[in-house]
Each structure stands twice: as C-alpha cells, then as structure tokens.
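One structure is given below, encoded as structure tokens.
The values are calculated or read from the model by the stated rules, or taken from the named source; none is laboratory data. As the structure is a prediction and not an experimental result, all values here were calculated from the model. Here Cβ is always computed from backbone atoms with ideal geometry, including for glycine, and neighbour counts include all displayed protein chains.
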Amino acid sequence: MKDLTVTLIQTQLHWENKAANLAMLDAKIDAIPVRTEVIILPEMFSTGFSMEPEKLAETMEGETLQWMKRKSREKHVIIAGSVIIEEGGQYYNRLIWMQPNGVFGKYDKRHLFAYAGEHEHYTAGDQRLIAQVKGWKVCLAVCYDLRFPVWARNQVINDQAAYDLYINVANWPERRNTAWRTLLQARAIENQSYVIGVNRVGEDGNKIYYSGDSSIIDALGEIIYHKAHDEDIFTYTLKKEPLEQIRSKIPFLKDADRFMII
C-alpha cells in the first residue's frame, strides 16, 4: 500500500443545471495546482440534491458520465461523486468511481433520506462498493449512509481489514452539521480507518443552506483537515505507515463482533 494523494472539492452547486455545474467543475479541476490521484466531488454534483429525477436523470451513457470519463482520462486521475441515474425504469442516487481508463465502479445509495422524500423518488441499493487504488481499499458511501454504522462496519477478513479509507459524498444541511462532524469522527475511530467527507456549500433551490464542513480524519479520530462555509479545493497525501502502526499497536478491529448483513 503506497501513499495516496486525494483532492476534496467543496463547492456551491448550480441548482438543477448540469451544464453550469460541469463547466464550473471543469475549471476547478483544471485549477488544482499539484499532482493528485483521486478527486472527490459532492453528492449529486451535477444537479444538487433534487427530488426531480424524472427531468434530471441520465443513463450510464449520459453527459455527466461522459464528462467524468473525459476528465478522468485527461487528468489521469480517479473522479468520485454521485449522479442521478435512470436504469431499468428506476432512479438511483449513484456514486461513480471513475478511473482514467474508463473503467468505473458504482454504488447506489443504500439509505434514502425519507425525511426529504428521497425514498419516494429513488430506489435504494443493496451492495457496498469497496474500490481499490495503489493497494488501498476504499469504502464508498453517500450522505445519509453516514448515520448507519453497521453498513459502514470495517470487518477483518483473513487478518486484513475490509477497507483503509471511508469516503462519504454529501449534501448535508448546515442545520444538522453537528451530526455530520461527529459521525465522520465516529466512523474513523470505530473502523480504524481514514475518513473523508466531502459536502457542498451554499444555498440550494429549496432555500436549504449547506456549510460544507468537509473533512479528512485519521484512524484515531484526529482531524487533519476541516473547512466550513467557504468553497475550497484541498489536496492531501494519505500516509500508509501511520495507519498500519495504529492497527498493529492497538488492534481493536480484531475484537469486533462478527456478523453478516442480509
């Protein structure tokens, strides 16, 4: 497992305007001043958190996926973020892990935010996605998933942790940002994993304000990076050695309960 450089893009989003969002993100990605290997965008980065999939959804061959393929190839970087997708007559809040060669992983948000009616418009996923890059295993999640620790649980399989990095992409409102910040730290501590949360900022079309609070947290729950309210592009190199030392010296994961999700 080699060191991994990641870039978080905390940004405002143009409400239900794909062309404007993709143009804006094009410029922000082009402006990253250093070499990076993974770029992480917020939930529904091309539209904002909309309950109008009937007018906004794309297929897996749609413009946003094509943009991700082009940008990933052009910059030789993995791009991760969620998109509104239609497939088989159903709508999904789908996180895409796009690689430079055009091969991608996909994860459909498991926990739909019923408080906002998300479950009335979208279909929940039932499979986790653990991607791999440079020897790192990366567990991918979307917003409300953060509240459900069983789904995020890092289990030891054949003396190896299931993942090393947990990434959550979100549109998490400022009014509940204490929960966002606290749960990101909790997921890091209980799973002995790096955690990255990337949230949007600004006001959406429903007059809901988002404070961002995007963060990088280490396996002891220490905050490496945190940014509230303002747009930001932040690049950081995750180090393998501290993670391995933590797991070796205090091997809490090996004492965890064994269970299966059905």
- Message: Of the conditions (1) at pLDDT below 95; (2) buried (at least 16 other Cβ atoms within 10 Å of the Cβ), residue 115 satisfies every one except a single condition; which number is it?
- Response: (2)
- Task: Assess whether residue 37 counts as being touching a residue at least 24 places away in the same chain (Cβ under 8 Å), over 26 Å from residue 174 (Cα atoms), crowded, with 16+ Cβ neighbours inside 10 Å and out of contact with any Gly (no Cβ under 6 Å at 6 or more places or on another chain).
- Result: yes
- Query: Does residue 205 count as on the phi > 0 side of the Ramachandran plot and not aromatic (Phe, Trp, Tyr)?
  - Reply: no
- Where a residue in segment 48-68 is part of a loop (DSSP other than H, G, I, E, B) and its partner, wherever it lies, is among the hydroxyl-bearing types (Ser, Thr, Tyr) and surrounded by fewer than 14 Cβ atoms within 10 Å (Cβ to Cβ), with Cβ under 8 Å and at least six apart: none
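Give segment 224-254 a look and list any residue that's assigned to a strand (DSSP E or B) and aliphatic (A, V, I, L, M), or say none.
224, 228, 233, 238
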- Query: In segment 61-80, how many are over 19 Å from residue 94 (Cα atoms) and surrounded by 20 or more Cβ atoms within 10 Å (Cβ to Cβ)?
  - Reply: 1
- Item | Selection within segment 118-146 - more than 15 Å from residue 196 (Cα to Cα) and either touching a Cys at 6+ places or on another chain (Cβ under 9 Å) or touching a residue at least 24 places away in the same chain (Cβ under 8 Å) (or both) | 118, 120, 121, 122, 123, 125, 128, 129, 133, 134, 135
